[in-house]
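The values are calculated or read from the model by the stated rules, or taken from the named source; none is laboratory data. Predicted model only: the values in this text are computed from it and were never measured. Neighbour counts run over all protein chains shown; Cβ positions are idealised from the backbone, glycine included.
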Amino acid sequence: MLQVLLVEDDYNLGLILKEYLEAKGYVATLCRDGEVAWQTYQNAPFDFCIFDVMLPKLDGFSLAEHVRHLNKKIPIIFLTAKSLKEDTIYGLKIGADDYMTKPFRMEELLLRMEAILRRTTFIPVETNPHEGEMVGKYVFFADAQKLLFGEQEQKLTSKETNLLKMLVQYKNQIMDRTLALKQIWGDDSYYNARSMDVYITKLRRLLNQDDKLQILNVHGQGFKLLELH
């Protein structure tokens with residue numbers, strides 16, 4: 001069973017979420033402040049994280065940054081009472097897979113978790129080097145969710161991996177924006193469109209060591225991974 005680290009300082013909501021997740025077949029560990037959650041994360045294996053943003057001692061964003069430093073792939077959903085776009089964008093920049101504003105339906109949380117898990121493959125990082133795909137001067141390992149540039153290894157999140165995989169599939173062609181949103185994010189809402197823009201920016205930064213690789217924004221259509229020769 002999947003192990004979930006649930007961090008929520010609201011006593012009643014935390015218990016309700018824990019009981020709901022366990023009723024659905026997950027093993028949920030509930031923490032009520034960020035420092036305890038960080039200690040707990042370091043001492044036990046987890047497959048999924050659900051973090052409230054406003055936490056005592058260590059806020060959810062800082063906690064997520066600590067977790068991402070150790071594990072680039074573990075899915076993270078933020079829960080927040082705020083609906084500010086700035087908070088949403090910041091959460092995505094530090095590696096969140098999704099973001100839910102309170103109040104929300106338990107069923108929606110479960111559906112979002114399941115959608116993320118369908119896109120996430122938990123496999124060992126060690127793979128046969130011949131299974132990688134050349135992208136310019138990089139070697140892209142989609143299954144292992146990593147990029148190699150010479151001896152430098154860059155771990156990728158599930159969304160970075162899926163978006164790069166789709167860009168590579170349409171290399172030197174236009175990757176349709178709506179199609180990518182529906183395949184990777186589930187729908188083409190404004191929130192998801194902004195999320196994709198954030199991840200495109202992150203991929204540009206990851207690929208910037210090869211000056212013959214560019215991700216172009218094709219206005220009104222989508223994006224193009226251009227490989228110059």
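Quick notes
- Number of positions in the stretch 22-40 that are under 16 Å from residue 75 (Cβ atoms) and either at pLDDT 95 or above or in a strand (DSSP E or B) (or both): 4
- Filter pass, residue 220 being over 16 Å from residue 169 (Cβ atoms), out of contact with any Ser or Thr (no Cβ under 8 Å at 6 or more places or on another chain) and surrounded by fewer than 15 Cβ atoms within 10 Å (Cβ to Cβ): yes
- Pairs where the first residue, in the stretch 15-32, is touching a residue at least 12 places away in the same chain (Cβ under 8 Å) and the second is small (Gly, Ala, Ser) and surrounded by 15 or more Cβ atoms within 10 Å (Cβ to Cβ), C-beta under 6 Å, 6+ apart: 18/28; 21/28; 30/14; 31/37
- Cβ-Cβ under 8 Å pairs, at least 6 apart or on other chains, the stretch 148-172 side in the same structural domain as residue 137 (by TED's automatic domain parsing) and surrounded by 15 or more Cβ atoms within 10 Å (Cβ to Cβ), far side in a helix (DSSP H, G or I) and among the charged types (D, E, K, R): 158/119; 159/119; 160/202; 162/119
- Residue in the stretch 6-22 that is surrounded by 18 or more Cβ atoms within 10 Å (Cβ to Cβ) and farther than 18 Å from residue 104 by Cβ present: no
- Residue that is nearest to residue 80 (Cα to Cα) [pool: residues in the stretch 16-65 that are among the acidic types (Asp, Glu) and within 19 Å of the chain's Cα centre (by Cα)]: 52
- Filtered residue count, the stretch 162-202, keeping only those that are β-branched (Val, Ile, Thr) and closer than 15 Å to residue 93 by Cα: 3
- Of the residues making up the stretch 157-191, just one is touching a strand residue (DSSP E or B) at 6+ places or on another chain (Cβ under 6 Å) and closer than 16 Å to residue 208 by Cβ, namely 167.
Here's the yes/no breakdown for (1) of a type in the set (A, V, I, L, M, F, W, C); (2) part of a helix (DSSP H, G or I); (3) outside the structural domain of residue 147 (by TED's automatic domain parsing); (4) in contact (Cβ under 8 Å) with a residue 60 or more places away in the chain:
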residue: 178; (1), (2), (3), (4): no, yes, no, no
residue: 184; (1), (2), (3), (4): yes, yes, no, yes
residue: 192; (1), (2), (3), (4): no, yes, no, no
residue: 196; (1), (2), (3), (4): yes, yes, no, no
residue: 203; (1), (2), (3), (4): yes, yes, no, no
residue: 209; (1), (2), (3), (4): no, no, no, yes
residue: 216; (1), (2), (3), (4): yes, no, no, no
residue: 220; (1), (2), (3), (4): no, no, no, no
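- Restricting the stretch 44-75 to residues that are among the hydrophobic types (A, V, I, L, M, F, W, C) and assigned to a loop (DSSP other than H, G, I, E, B) leaves a set whose member that is surrounded by the fewest Cβ atoms within 10 Å (Cβ to Cβ) is 44.
- Residue count for the stretch 87-143 satisfying the condition of being surrounded by 16 or more Cβ atoms within 10 Å (Cβ to Cβ), assigned to a loop (DSSP other than H, G, I, E, B) and modelled with pLDDT of 85 or more: 2.
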